[in-house]
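S.K.: The structure follows.
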Amino acid sequence: MKTRGRILVAAAAGALLATLASVVGIAGGATAADPPTVRQLPSIQGTAREGATLTAREGEWGGTQPITFAYQWRRCTNQPGSCTDIAGATAKTYLLVKADVSHRLRLLVRATNSAGSASALSARTAIVRPATSPPPPPPPGPAGQIKLADGKTSIPVTSVSAPQRLVVSEVSFTPSPIRSRDPFQARFRVSDTRGYVVRGALVYMIGIPYNRVAVVPEKETGTDGYVTFSVQPTAQFPLVPGGALVVFVRARKPGENLLAGVSTRRLVQASVGAAS
């Protein structure tokens, strides 16, 4: 009986050892680990522009865990197989520099575990573009400047403040001389004391004596600083050789007192001739 009991115990122990060996791999040697195998290629995230930062995406890998990754950024031309390692570029992120402009970037990822290593390459980025140039600084002087075709610079009337003032800088009448009581054109240009032409200024004109021409409403200067009135002479308009019509002109900034602020006033003359 004792012998049979020893046999049963030995058999049970053997079975237990066999079970443990199959679990931990000591029956026929340790269970082999699987080396890294790429399932999805690495990729690069970010914008291909100088000054931007690219970020490595390792892809997906099979194999025994844990798996660690190492990175190498490469600079490529448009020719096949023309990529070279960028010295020191072994981090997960890479800052694009001037030397990368007009090239493409590629990423080499090396995966390592207890069973070995494997490498995989990403696709190339788009061609790296130069950094976006900052917008040019605004020109010195008043806000709202517009360069005109005649070489002048137009500014809004809101950019005219004391001690600057408005100026009626140009005057013309069409026809000249005026030889009939048909409507004629009176054209004025408003500038400021710095030489900028002024848009949005309110201009008023009236003939002197007051009964010579009909009253016209105040008008606003355009982008070029000009304002044009169509003026209707009255029956009292004198058509005499060598005559003249005196015109009072005022330019002002909206919202300011008629006689204060940056406003200006000027007397001008329109030439008058005998009826044709």
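S.K.: Among the residues of region 83-106, is any within 15 Å of ARG49 (Cβ to Cβ) and aromatic (Phe, Trp, Tyr)?
M.R.: For region 83-106, residues within 15 Å of ARG49 (Cβ to Cβ) and aromatic (Phe, Trp, Tyr): present.
S.K.: Ok, one more. So the check is Cβ under 6 Å with 6+ separation or different chains; which pairs have a first residue in region 129-151 that's surrounded by 10 or more Cβ atoms within 10 Å (Cβ to Cβ) and a second one that's outside any loop (DSSP other than H, G, I, E, B) and β-branched (Val, Ile, Thr)?
M.R.: Here the result reads PRO142/ILE155; GLY144/ILE155; GLN145/THR153; GLN145/ILE155; LYS147/THR153, each pair linking region 129-151 to a residue that is outside any loop (DSSP other than H, G, I, E, B) and β-branched (Val, Ile, Thr).
S.K.: Then there's this: If you check THR19 against the conditions, is it open to solvent by less than 90 Å² (accessible area, probe 1.4 Å), hydroxyl-bearing (Ser, Thr, Tyr) and modelled with pLDDT of 95 or more?
M.R.: No.
S.K.: Yes or no: region 62-70 includes at least one residue that is without any contact (Cβ under 8 Å) to a residue 40 or more places away in the chain, hydroxyl-bearing (Ser, Thr, Tyr) and open to solvent by 30 Å² or more (accessible area, probe 1.4 Å). Please lay out each step first, then the result.
M.R.: Within region 62-70, the subset without any contact (Cβ under 8 Å) to a residue 40 or more places away in the chain is 62.
With the extra rule that they be hydroxyl-bearing (Ser, Thr, Tyr), the set shrinks to none.
Scanning region 62-70, I find no residue that is without any contact (Cβ under 8 Å) to a residue 40 or more places away in the chain, hydroxyl-bearing (Ser, Thr, Tyr) and open to solvent by 30 Å² or more (accessible area, probe 1.4 Å), so the answer is no.
S.K.: I would also like to ask the following. Looking at ALA126, is it farther than 25 Å from ILE67 by Cα, touching a residue at least 60 places away in the same chain (Cβ under 8 Å) and of a type in the set (Gly, Ala, Ser)?
M.R.: yes
S.K.: Moving on. Would you be able to tell me the number of residues in region 166-206 that are crowded, with 21+ Cβ neighbours inside 10 Å and among the basic types (Lys, Arg)?
M.R.: Going through region 166-206 one residue at a time, the tally reaches 2.
S.K.: Continuing with the same structure: Checking the condition farther than 18 Å from GLN232 by Cβ, at pLDDT below 95 and either open to solvent by 50 Å² or more (accessible area, probe 1.4 Å) or of a type outside the set (Phe, Trp, Tyr) (or both), which residue from PRO209, PRO163, PRO156 passes? Walk me through it before giving the result.
M.R.: Details: PRO209 fails: farther than 18 Å from GLN232 by Cβ; PRO156 fails: at pLDDT below 95.
Result of the check over PRO209, PRO163, PRO156: PRO163.
S.K.: Restricting to region 190-211, name every residue that is under 30 Å from ALA275 (Cβ atoms) and touching a strand residue (DSSP E or B) at 6+ places or on another chain (Cβ under 6 Å).
M.R.: VAL203, TYR204, MET205, ILE206, GLY207, ILE208 - these are the residues of region 190-211 that are under 30 Å from ALA275 (Cβ atoms) and touching a strand residue (DSSP E or B) at 6+ places or on another chain (Cβ under 6 Å).
S.K.: Related question: Based on this model, can you work out whether LEU121 counts as within 16 Å of GLN45 (Cα to Cα) and more than 30 Å from the chain's Cα centre (by Cα)?
M.R.: yes
S.K.: For a quick check of your reading of the model, give me the residue pairs whose first member lies in region 222-237 and is surrounded by fewer than 20 Cβ atoms within 10 Å (Cβ to Cβ), whose second is polar (S, T, N, Q) and modelled with pLDDT of 95 or more, with beta-carbon atoms closer than 7 Å and at least 6 apart or on different chains.
M.R.: These pairs meet every condition: THR223/SER154; ASP224/SER154; THR228/GLN185; SER230/GLN185.
S.K.: Out of ARG110, ARG124, which single residue is of a type outside the set (Val, Ile, Thr), touching a Ser or Thr at 6+ places or on another chain (Cβ under 8 Å) and either crowded, with 17+ Cβ neighbours inside 10 Å or farther than 30 Å from ILE155 by Cα (or both)?
M.R.: Going through ARG110, ARG124 in turn, just one is of a type outside the set (Val, Ile, Thr), touching a Ser or Thr at 6+ places or on another chain (Cβ under 8 Å) and either crowded, with 17+ Cβ neighbours inside 10 Å or farther than 30 Å from ILE155 by Cα (or both): ARG110.
The rows are residues; the columns are (1) modelled with pLDDT under 95; (2) assigned to a loop (DSSP other than H, G, I, E, B).
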| site | (1), (2) |
| --- | --- |
| LEU54 | no, no |
| ALA70 | no, no |
| TRP73 | no, no |
| PRO80 | yes, yes |
| THR90 | no, yes |
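The values are calculated or read from the model by the stated rules, or taken from the named source; none is laboratory data. Fair warning: this is a prediction, and the values are worked out from it, not measured in the lab. Reconstructed Cβ throughout: ideal geometry from the backbone, glycine too, with neighbour counts over all protein chains shown. Calculation scope for accessible area: heavy atoms of the full protein, side chains included, ligands and nucleic acids excluded. Shrake-Rupley method; radii C 1.70, N 1.55, O 1.52, S 1.80 Å.
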